[in-house]
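One structure is given below, encoded as structure tokens.
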There are 2 protein chains.
Amino acid sequence: MYHAPHSSTRPADRPSIVIVGAGFGGLAAARALKQANAQLTLIDRRNYHLFQPLLYQVATAALSPADIAWPVRALLSRQKNVRVAMGRVTGVDSVLRHVQLDDGRHIPYDYLVLATGARHAYFGRDDWSAHAPGLKKIDDATEIRRRVLTAFERAEQAECEELRAALMTFVVVGAGPTGVEMAGAIAELARRTLASDFRSIDPRKTRVLLVEAGGRVLPSFNERLSTKARGALERLGVEVRLGKPLTDCGDGFVAIGEERLAARTVIWAAGVMASPAAKWLGVEADRAGRIMVAPDLSVAGLSGVYAVGDTVIVTGADGRPVPGVAPAAKQMGRHVGRLIARRISGRGHTDEPFRYRDAGSMATIGRGAAVAEIHGLRLAGYPAWLLWAVAHVYFLIGARSRLAVAANWLWNYFTFERGARLITGSAKPMRLVSGAKEQVESEKITPR
Amino acid sequence: MYHAPHSSTRPADRPSIVIVGAGFGGLAAARALKQANAQLTLIDRRNYHLFQPLLYQVATAALSPADIAWPVRALLSRQKNVRVAMGRVTGVDSVLRHVQLDDGRHIPYDYLVLATGARHAYFGRDDWSAHAPGLKKIDDATEIRRRVLTAFERAEQAECEELRAALMTFVVVGAGPTGVEMAGAIAELARRTLASDFRSIDPRKTRVLLVEAGGRVLPSFNERLSTKARGALERLGVEVRLGKPLTDCGDGFVAIGEERLAARTVIWAAGVMASPAAKWLGVEADRAGRIMVAPDLSVAGLSGVYAVGDTVIVTGADGRPVPGVAPAAKQMGRHVGRLIARRISGRGHTDEPFRYRDAGSMATIGRGAAVAEIHGLRLAGYPAWLLWAVAHVYFLIGARSRLAVAANWLWNYFTFERGARLITGSAKPMRLVSGAKEQVESEKITPR
């Protein structure tokens, strides 16, 4: 039977497993421990599990948050060995073996799984974060939606031509899948959904710039697909700027290489940094803050501690680093869940290395335009887009979300409408950022 | 042809009609002016028209905001004589004949329609507003949803029994339709949707109190229906407290008459106050701040100025005041729109009195329980509930919302799930309110 190595503070009958993070990795770990004779605690700052690959569709008013997010508690309702706790982890004490929360609580563990993901990073330019929000959680998406829709509302009322142009210029930084999808979606929103809704401006004249320091869009894809994706973006009217980094960004402007451009809405999709999990543990991390875990995803030197998903870096069996994508996080979570289940039950290998199975990758540009790479098969255009749509509906959790998203997409497809064009939340963050300019603007705006 | 009475500042070709407020009244007025040879400007602080009768379902996690709100701009996209302007009106200059916005703009008018609605009022106890939020806009609904769902999350983690009880006690103040619907929905959320999702608490033990100073629930309905509604509420486990007003409300408590009760979540549905439209115009108002308009809904002494909906008080042809409900606002908006259209085209009566056609009223308590009063026909229970559901789906705008809401309701009905159980937004407003207590609480909460 089970022998708990460090259970001095609790009854020794069932080991305590603490999982931090209810994303793809954490949830998969919890589910893999379904049969385990253990007490699981799944901690997340938020009450929902989010299907991040579609978050850009919330930011561009196509889907509602509830279509792609589910209460963690409901997802694990029937798994009686799990407790879900909403809370913010601030540290780990690996000697006393407990997790610290910001409200002062300590949660003891025998096994710890850190699945805390990544956040956007500004490479030492944290001052850019107020001007160029990134996209990680629902509140980010509704904030970007608010900024994008508000920009058109204000452009409609602006009298000065320069201000109007700046309001109708959108800059997306970073041409990975998120950046490509955001740029394509904003272009479609402007050129199709909003096309005839304004009287003073023509939304079809909106400029969308996709800025990328590297030499091509979707650098993780095959070069031919990058070229196809770039072509599809340009057909949508997106200006693709390659080979030049964003050099500055501030109140109503961006600088791309040497060029300075007036733009009131900037969206950051250029890079991520791992969660502070490595710091909590006091272990070595790479430049992106990722824990360098052992091949079985355990953290060297700390017994019973594992880490999975975007917060780790690990080399696959093929000698290449496992990419920071949702399927990888899921597979890692499942792997660690199974390892721990075996350790608890005392059977089988308990240090089996993680093997990443690459199920392929896809990115969508817009209506009928996507690229996909699956086991050497390369698709672009309509077939890739259909595959993308079917796969994403399939990976959603539960019939309700699948129906809702599929119905929304069909609706958007045939009507060009977007169902969630709501400006909610407070405008204060935006005003704080651009206080001085705002003053100038209201003087410039006059009644017609 | 048209003769503009006060068009000194603009070309005299087309009169300028300004409508403030894109609720039921303002939107109906704009639509009734579809054929008018005029320049309409519809001003609203928000970019959406909201179907307020279902807002409580957003607050209780059954529907998403986008299911019951539509961008005003999209609704009027094809009506080319309308401009939609997002802006906050701060006053009206009825001498210079323009509307003032908070950004300094002035919008001149020949005809003005104020459809600015009502807000919740605390009868001189504005300090209650932080403790007992009301329900008028989408951000109110997501804030109430956040508070309700967070209360259960914190109850799950509370160790002290008293704190847990206070977190699981919900007080709804006011037993009009909104209060009844909120109380019933919270009871169902707790007893059905959340029933098996927690480990430390039993959500079925949640207390929901409905507090009403008057002698019965739904006082605008027939007395027999009030009794039925009360019975239905009590079967859902709602404690109905009649005949005693809320006498105090603060940090974690309420006082009902002499009784003091620990409750962490209070929702205000007890009363509304008209918008400041009467103040803007400098005209007489009743105690609730409503403009006492002439029988044709014009504002006495001010040429070309009308007001409609919840911001006015007017006596119907039957000698009774027209109630502050959505159908009345719609009818008033349409009436004023038609009057102005006639004045512009120079034909027909232009001071025809408004006649309210009472289409009946309904309120729902929960699953299979509602009351309805239609042209003397009184229904309760299942038939009333079906009628309520069909009517509300019918009154939504557009096939997309009708499908989405109907599908959501069917889903909820058969699964007891609620699709929008998301805690979004910042917790700061809540913490600010209960700062001191919060401190005490985190000391009380300990790990299990």
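Please treat every number below as a calculation from the coordinates, not as lab data. Bear in mind that the values here come from a model prediction, so they are computed numbers and not experimental data. Cβ placement follows ideal geometry from the backbone for every residue including glycine, while neighbour counts extend to all protein chains displayed.
Please report B:382, A:394, A:48 as a ranked list, fewest other C-beta atoms within 10 angstrom at the top and most at the bottom.
With the fewest neighbours first, B:382, A:394, A:48 line up as A:394, B:382, A:48.
By count of other Cβ within 10 Å, fewest leading, how are B:265, B:364, B:315 ordered?
Ordered by Cβ neighbours within 10 Å, fewest first: B:315, B:265, B:364.
With a point put 7 Å past each Cα toward its Cβ, work out how far residue B:255 is from residue A:317 in nm, to one decimal.
According to this spin-label approximation, the distance is 7.2 nm.
Could you point to the residue in B:111, B:65, B:50 farthest towards the positive end of region B:1-130's charge dipole, with +1 and -1 charges on the Cβ of Lys/Arg and Asp/Glu respectively?
Most positive-ward Cα: B:111.
Taking Rh as the Kirkwood radius computed over C-alpha pairs, what is the Stokes-Einstein D of region B:194-336 at 25 °C in a medium of viscosity 0.890 mPa s, expressed in µm² per second?
It comes out at roughly 132 µm²/s.
Can you give the convex hull volume per residue for the Cα atoms of chain B, as a whole number of Å³?
145 Å³
So what are the radius of gyration and Dmax for the Cα set of region B:145-245, in Å?
Spelled out, the Cα radius of gyration and Dmax of region B:145-245 are 14.2, 46 Å.
Work out the FRET efficiency for residue B:196 and residue A:300 from their Cβ-Cβ distance, taking R0 = 51 Å, and round it to the nearest 0.05.
About 0.80, to the nearest 0.05.
Quickly work out the residue A:139-to-residue B:127 label distance, labels modelled 7 Å from Cα along the C-beta direction, and quote it in nm with one decimal.
Going from the residue B:127 label point to the residue A:139 one covers 2.9 nm.
May I ask you to derive the FRET efficiency for residue A:224 and residue A:159 from their Cβ-Cβ distance with R0 = 35 Å, giving the value to the nearest 0.05?
The pair residue A:224/residue A:159 has a calculated efficiency of 0.15.
Quick one: what are the phi-derived ³J(HN,Hα) couplings along region B:93-101, Karplus 6.51/-1.76/1.60 with θ = phi - 60°, whole Hz, x for glycine and proline?
Karplus values, whole Hz, x for Gly and Pro: 9, 7, 8, 6, 6, 9, 9, 9, 9.
Going down the list B:34/B:80; A:80/A:137; B:136/B:330, which pairs span over 19 Å between their C-alpha atoms?
Result: A:80/A:137 exceed 19 Å.
Suppose R0 equals 35 Å; then what is the FRET efficiency for residue A:426 and residue B:78 from their Cβ-Cβ distance, rounded to the nearest 0.05?
0.65
Around residue B:63, which amide H atoms from residues at least 5 apart in sequence, or from another chain, sit under 5 Å from its own amide H, with H modelled in the peptide plane?
The list, which skips near neighbours in sequence, is B:58.
Dipole size in debye (nearest 20) for chain A around its Cα centre, Lys and Arg Cβ +1, Asp and Glu Cβ -1?
Dipole size: approximately 1300 debye.
To the nearest 20 debye, what charge dipole does region B:139-275 have about its Cα centre, counting +1 at the Cβ of each Lys and Arg and -1 at the Cβ of each Asp and Glu?
In debye, rounded to 20, region B:139-275 gives about 480.
Over the C-alpha atoms of the protein assembly as shown, what are the Rg and the largest Cα-to-Cα span, Dmax, in Å?
Spelled out, the Cα radius of gyration and Dmax of the protein assembly as shown are 29.0, 95 Å.
Which distance in Å, rounded to a whole number, links the C-alpha centroids of region A:54-82 and region B:311-383?
Cα centroid to Cα centroid, the span is 40 Å.
Once both labels are modelled 7 Å past Cα along the beta-carbon direction, what's the residue B:407-residue B:377 spacing in nm?
3.1 nm
Arrange the following residues from fewest to most other Cβ atoms within 10 Å of their Cβ: B:86, A:168, A:292.
Lowest to highest Cβ neighbour count: A:292, B:86, A:168.
What is the dipole size for the protein assembly as shown, taken about its Cα centre, with +1 at each Lys and Arg Cβ and -1 at each Asp and Glu Cβ, in debye to the nearest 20?
For this selection, approximately 1940 debye.
Taking amide H positions as placed 1.01 Å from N in the peptide plane, with prolines and chain starts having none, which residues 5 or more places from residue A:253, or on another chain, fall under 5 Å of its amide H?
Amide H neighbours of residue A:253, under 5 Å, 5+ apart: A:263.
Post the alpha-carbon centroid distance, region B:136-166 to region B:224-272, in whole angstrom.
With region B:136-166 and region B:224-272 each reduced to a Cα centre, they are spaced 17 Å.
Rounded to whole Hz and in sequence order, give me ³J(HN,Hα) for region A:284-289 from the Karplus expression 6.51 cos²θ - 1.76 cosθ + 1.60, θ = phi - 60°, writing x for Gly and Pro.
Using θ = phi - 60°, the values come out as 5, 9, 7, 4, 8, x Hz.
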